[in-house]
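Engineer: Before I ask anything, let me first share the structure, which is written out below as structure tokens.
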């Protein structure tokens, strides 16, 4: 029913640990179970896990919950891939729930009730409104009992995963190693080879016959994709924030109700004078989130009642926008709607209205006003485009061949005892010597290219890297000397920051390792591929 689950920031924070840890883990590995298999499909089992059958109905219930929970994280994936991901993450969730049961973890009724009552989307001026909660539950097509049971399981998994996180520690030596990795510098020489310098030769050697042959052989390279024009209407987060200006009294009252969110290191609240702007922003964000939640619920009611798009726009006084024609598979760009809107209309026919769209920027409905079929333009229309592509490609190939030749010549000279500077002069090269750089610093004159930094620091001092391709040039790096970081910069604040950062990385790695162990013990055998289609 409600395609995009509307959740509060509090709820999203609490469940994000579960979702994020699932998403960062590798794909599901299916193991074959031994012994006699139970009946498969509806009324039977969805699979076998930890040697026990998983009831079909249990899997379907969890899959529905995970589908709503993962709708936004998986929004960038093609529609055809999402069911596979949801299915994989559902199995992982069931494994985690089985492990939590084995460890006898529990979530008390008071914990669950307190969590629900603290969700801002269900509150008005800090007071929990049962009717708003009931309306929300109805909007997502479930019952309070089922919704609360799923939330209880979310909180149960949060306890389980938090226990793994708290088992991880960071030593002083690890913090120091992280500081060295972050602040250590490298002195090096760069040899840059620009493909643009090979364009003249590439262009002079390109015949009209070759351009025509490429057009005939690769029509899809110049194919104009299907285009769509659309209109969408709703409310954006930025628009609502611009019109929501809390008074000083409202900010002060909000601070009084939530002062524990702004505390000093000793746990005492910071004075309102120090955090007024931050408090104001938090209040604005919360109020705008509530407005968008209510709008999404209202729009869902309209969609369920089959109210026409134009009537919804008029009745709800929505701001209408037009876009396109755009490629039907577009993911956005300058002047285009946000990706969530484009994704929502991608599969619609001309004249059809989307489901309610909850994107990062706001809440909308959208309608396709025109679809323009894909086509291959005439040769004359794309002649210049094809010629430019071929010249660029041939120049790039020539530059790459030259770069590898230069590297071989330098390597031979270095093996014979010739210094790098002398070898470069002999070959007519002009190496660049940028200021020393760290693993993350932009390297002059390349700018930020992480692959270049990584290759440079991976090279042994006095060694030449392989040829590195960057968006604009080919690069060879000669690593000369590593420079130790300044000990004076290893302050307490820097140590605290690195300790927290290192801890987060270790916790992520430990969780992935633990999850792999859990999967191995589960010995999952899925029957879903054997189930009748449409079940």
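Engineer: Considering only residues that are in contact (Cβ under 8 Å) with a residue 60 or more places away in the chain and in a loop (DSSP other than H, G, I, E, B), look in the range 104-127 and name the one that is surrounded by the most Cβ atoms within 10 Å (Cβ to Cβ).
Structural biologist: 119
Yes/no matrix, rows are residues, columns are (1) in contact (Cβ under 8 Å) with a residue 24 or more places away in the chain; (2) within 30 Å of residue 289 (Cβ to Cβ); (3) in a loop (DSSP other than H, G, I, E, B):
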{"residue": "363", "(1), (2), (3)": "yes, yes, no"}
{"residue": "366", "(1), (2), (3)": "yes, yes, no"}
{"residue": "382", "(1), (2), (3)": "yes, no, no"}
{"residue": "385", "(1), (2), (3)": "yes, no, no"}
{"residue": "397", "(1), (2), (3)": "no, no, no"}
{"residue": "407", "(1), (2), (3)": "yes, no, no"}
{"residue": "428", "(1), (2), (3)": "no, no, yes"}
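Engineer: Inspect all residues belonging to the range 202-214 and state whether any of them is out of contact with any helix residue (DSSP H, G or I) (no Cβ under 8 Å at 6 or more places or on another chain), surrounded by fewer than 17 Cβ atoms within 10 Å (Cβ to Cβ) and outside any helix (DSSP H, G or I).
Structural biologist: There is at least one residue in the range 202-214 that is out of contact with any helix residue (DSSP H, G or I) (no Cβ under 8 Å at 6 or more places or on another chain), surrounded by fewer than 17 Cβ atoms within 10 Å (Cβ to Cβ) and outside any helix (DSSP H, G or I).
Engineer: If you scan the range 329-360, which residues turn out to be touching a strand residue (DSSP E or B) at 6+ places or on another chain (Cβ under 6 Å), crowded, with 20+ Cβ neighbours inside 10 Å and not in a strand (DSSP E or B)?
Structural biologist: Once the filter is applied, which keeps residues that are touching a strand residue (DSSP E or B) at 6+ places or on another chain (Cβ under 6 Å), crowded, with 20+ Cβ neighbours inside 10 Å and not in a strand (DSSP E or B), the range 329-360 yields 337, 340, 341, 344, 345, 354.
Engineer: Output the number of residues of the range 176-192 satisfying the condition of being in a strand (DSSP E or B) and surrounded by 19 or more Cβ atoms within 10 Å (Cβ to Cβ).
Structural biologist: Going through the range 176-192 one residue at a time, the tally reaches 4.
Engineer: Just the residues that are surrounded by 15 or more Cβ atoms within 10 Å (Cβ to Cβ) and touching a helix residue (DSSP H, G or I) at 6+ places or on another chain (Cβ under 9 Å), please, taken from the range 302-312.
Structural biologist: Within the range 302-312, 302, 303, 307, 312 qualify.
Engineer: Still on this structure: Consider the range 472-521. How many of its residues are over 30 Å from residue 157 (Cα atoms) and part of a helix (DSSP H, G or I)?
Structural biologist: Just the residues of the range 472-521 that are over 30 Å from residue 157 (Cα atoms), to begin with: 472-495.
Filter once more, keeping what is part of a helix (DSSP H, G or I): 487-489, 492-495.
Counting residues in the range 472-521 that are over 30 Å from residue 157 (Cα atoms) and part of a helix (DSSP H, G or I) gives 7.
Engineer: Those residues that are more than 30 Å from the chain's Cα centre (by Cα), surrounded by fewer than 18 Cβ atoms within 10 Å (Cβ to Cβ) and at negative phi, I need them from the range 460-471; list them, please.
Structural biologist: 460, 461, 463, 466
Conditions (1) touching a helix residue (DSSP H, G or I) at 6+ places or on another chain (Cβ under 8 Å); (2) without any contact (Cβ under 8 Å) to a residue 12 or more places away in the chain; (3) assigned to a loop (DSSP other than H, G, I, E, B); (4) under 30 Å from residue 344 (Cα atoms), marked per residue:
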{"site": "54", "(1), (2), (3), (4)": "yes, no, no, no"}
{"site": "59", "(1), (2), (3), (4)": "yes, no, no, yes"}
{"site": "63", "(1), (2), (3), (4)": "yes, no, no, yes"}
{"site": "68", "(1), (2), (3), (4)": "no, no, no, yes"}
{"site": "75", "(1), (2), (3), (4)": "yes, no, yes, yes"}
{"site": "78", "(1), (2), (3), (4)": "no, yes, yes, yes"}
{"site": "86", "(1), (2), (3), (4)": "yes, no, no, yes"}
{"site": "89", "(1), (2), (3), (4)": "yes, no, no, yes"}
{"site": "101", "(1), (2), (3), (4)": "no, yes, no, no"}
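Engineer: Mind listing just one residue for me: the one in the range 464-520 that is touching a strand residue (DSSP E or B) at 6+ places or on another chain (Cβ under 7 Å) and without any contact (Cβ under 8 Å) to a residue 24 or more places away in the chain and, of those, nearest to residue 178 (Cα to Cα)?
Structural biologist: Among those that are touching a strand residue (DSSP E or B) at 6+ places or on another chain (Cβ under 7 Å) and without any contact (Cβ under 8 Å) to a residue 24 or more places away in the chain, it is 465.
Engineer: Looking at residue 161 and the list (1) more than 34 Å from the chain's Cα centre (by Cα); (2) touching a residue at least 40 places away in the same chain (Cβ under 8 Å); (3) surrounded by 15 or more Cβ atoms within 10 Å (Cβ to Cβ); (4) not in a loop (DSSP other than H, G, I, E, B), which single condition is not satisfied?
Structural biologist: Only one criterion is unmet by residue 161, namely (1).
A short reminder: the numbers here are calculations on the coordinates, not readings from a lab. From a predicted model like this one, the values you see are computed outputs, not experimental measurements. Don't worry about glycine lacking a Cβ; one is built from the backbone with ideal geometry, like all the others, and counts go over all protein chains shown.
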